[in-house]
1. Ignore the peptide's own chain and count Cβ atoms of other chains within 10 Å of each Cβ in A:239-252; give me the average, rounded.
2. Taking the Cα of residue B:57, stepping 7 Å toward and past its beta carbon, and measuring to each backbone N in segment B:213-229: which are under 18 Å?
3. Students sometimes get this wrong: rank A:103, A:204, A:180 by accessible area, probe 1.4 Å, all chains present, largest first.
4. Can you give the calculated 222 nm mean residue ellipticity of chain A, where each DSSP H run of n ≥ 4 adds -39,500 (n - 2.57) and the sum is split over every residue, rounded to the nearest 500 deg cm²/dmol?
5. Can you tell me what share of the DSSP beta bridges in chain B is antiparallel? A percent to the nearest 5 is fine.
6. Can you tell me the relative contact order of segment A:159-277? Whole percent, Cα pairs under 8 Å, sequence separation 6 or more.
7. Each residue of segment A:130-136 in turn: what ³J(HN,Hα) in whole Hz from Karplus with 6.51, -1.76, 1.60 and θ = phi - 60°, glycine and Pro shown as x?
8. Can you send over the solvent-accessible area of residue B:68, 1.4 Å probe, protein chains only, in Å² to the nearest 10?
Amino acid sequence: MAFIALEDVHYTYTEGNEPPVQAIHGIDLAIEKGDRIAIVGPNGSGKSTLAKLFNALLTPVQGQVLVDGMDTADEEKIWEIRQRVGMVFQNPDNQLVATMVEEEVAFGPENLGLPPKLIRQRVQEALEMVGMEEYRNFPPHHLSGGQKQRVAIASIIAMRPQCIVFDEPTAMLDPLGRQEVLKTIEKLAGEGITIVYITHFMEEVVDTDRVIILKAGQVMLEGSPLDVFQARDIVEDADLELPDIPCLVDKLQKAGLPLSTGILTKEELVKALCALK
Amino acid sequence: MRIEIKGVHFRYFQEEEEVLKGVNMTIRDGEFAALVGHTGSGKSTLVQTINGLLKPTQGKVFLDGQEIGKDISFKEVRRRVGLVFQYPEHQLFEETVFLDIAFGPKNLGLEGEELKRRTRRAMEFVDLDYESLKDRSPFGLSGGQKRRVAIAGVLAMEPELLILDEPIAGLDPQSRRRLLDQIGALNSQHGISVLLISHRMEEAAVRAQRVMVMNKGEIVLQGTPGRIFEGREKLLEIGLELPPLTDVLWQLKEKGYPLRTDLFTVEEVAREILQCWGGFRCSKISP
């Protein structure tokens, strides 16, 4: 059985007197251990709602979400589920609470009731993993956006989750911060942690195993990055845009250059062009 | 409106390092300019000295030749220079879209038909339908719509210069494009000067006539987008990225192919590569 399994999941927001908003319309999805998947879709497509359904921050109004065999609707399992599936949000300022980096990262393991020695060890490992060990005594608010986001990631890692869901973790960062965070995620994936990466930047899905395009709460397409980049109509219909490199490759092919369609990155394109000479 | 910034320094606290270290910069009348730099480079501080929210600790800012704070009051400046902050939708607060957008002009003393006219016009500028949206709660709108309501609130003040701090951050690609098109139209059709702050080079490049790059409180590069990209090393050194397509041209040039490196759109870059690869005519030059 899949590590995270969604079966015909529906979710509707009902708030006060406002009309109910149906955010997720019958989604089936299976995420295996060690998968690296991307979920893309425009604003309002249900991406963040879906993310929250993965670790019981929300529970479906219809259908079922199973995490490692546990039903997210089972209140007794909530803490076990959240320990397995951690979340990193868009704005790190909203999730950093402590006055020192070290305390921030220790917060989760402390709540798990681990012995102090083990907590220290986990904090050390987590900070090393995100490359922030020299900042352990810094107040988080003195860090750059990318550094803050890495501390937020470290505090999740210290809980030893099997899966981390990233909800647009680079949306508020500048290019430098974005690279830092993407490199960190790359490293986590290398350690075998299951990664669910939510974004609306199509260029960020190039390195994933599987991409899911969401629109109006439904899955429009599920496939490899290459499959997705070739399904131009569906991408555009979902209000998304192909990254510049596949667009350029397409143009060059149409003009008669014998380039393969599998080219997704700058480096691959440069290599392929040089090989033609 | 023309803005001249002359030798502006700024520090928030006496004992702290300067955030602006002698900035000289001009925004020309009717221009679409972009200010690029990464977080902490001083961009947001600089623009607040332009609209009179912050007073330089040293140096002067001129608006159409009049010195801000001396020949022209801060209040007057804030009326004529509209500043849209990052994530402006967080500043929405009124019960209806109409009331939110009308808030500024109402404070100027406008009322009745004139207030309605201004609000309707501001909504039209950003492509929000007046009739169907004016009575809606701004909080029930989509992310892109909320952002446009917030921008309309600034436009309703009828500013001569519009400064937008990361106006498209967090929006999906289609919303980003639509919003940038609308800002472009404000500039080209209505003559409003625009200063766009961004850290996404490619988006600034496609729209702006001139780009200024800021680093550690100083303007380090300025010129047309193409010209800025010629300064690749400088950009990389300060942690900014070239647009990916421009970078492909650079990488090919480094391999010895004689290509231009001041291009950044798919069409231009494809044409440049095809000139060299299409007929397999061009040959490598030794570096």
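The values are calculated or read from the model by the stated rules, or taken from the named source; none is laboratory data. What you see is a predicted model; the values in this text were computed from it and never measured. So basically every Cβ, Gly included, is an ideal-geometry build from the backbone, and we count neighbours across all protein chains shown. Side chains included, ligands, DNA and RNA excluded: accessible areas come from the protein's heavy atoms. Shrake-Rupley method; radii C 1.70, N 1.55, O 1.52, S 1.80 Å.
1. Mean number of neighbouring Cβ atoms from other chains: 5.
2. Only B:215-219 pass the distance filter.
3. Highest to lowest solvent-accessible surface, that is A:103, A:180, A:204.
4. -11000 deg cm²/dmol
5. 50
6. So the answer I get is 17 percent.
7. Along segment A:130-136, the couplings run 9, x, 10, 4, 6, 9, 4 Hz.
8. For residue B:68, solvent-accessible area is about 20 Å².
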